[in-house]
């Protein structure tokens, strides 16, 4: 399990169990039905705080 406070796109993809391309689309707001995932950029790198990811997942969980 990833313990870092700052996650790369690859690490976010591992947590969400999806592709890096899908995470990139979520960051850009290109996934219908999902809000953008808050992130920040360092040059071309996109980084996500762990707490932002946790909050985003909690707000967007679906109950079946």
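The values are calculated or read from the model by the stated rules, or taken from the named source; none is laboratory data. This is a predicted model, so every value here is computed, not measured. In this analysis, Cβ positions are derived from the backbone assuming ideal geometry, glycine residues included, and neighbour counts consider all displayed protein chains.
Which residues, taken from the range 44-59, are exposed (fewer than 11 other Cβ atoms within 10 Å of the Cβ) and within 14 Å of residue 9 (Cα to Cα)? Selection gives 44, 45. For the range 29-56, residues that are part of a helix (DSSP H, G or I) and either over 23 Å from residue 5 (Cβ atoms) or touching a helix residue (DSSP H, G or I) at 6+ places or on another chain (Cβ under 8 Å) (or both) total 1. For the range 12-43, a residue qualifies if it is touching a strand residue (DSSP E or B) at 6+ places or on another chain (Cβ under 8 Å), closer than 18 Å to residue 55 by Cβ and touching a residue at least 12 places away in the same chain (Cβ under 8 Å), and the qualifying residues are 12, 15, 27, 37, 38, 39. Would you mind stating whether residue 7 is surrounded by 14 or more Cβ atoms within 10 Å (Cβ to Cβ), over 22 Å from residue 62 (Cα atoms) and at pLDDT 95 or above? Answer is yes for this residue.
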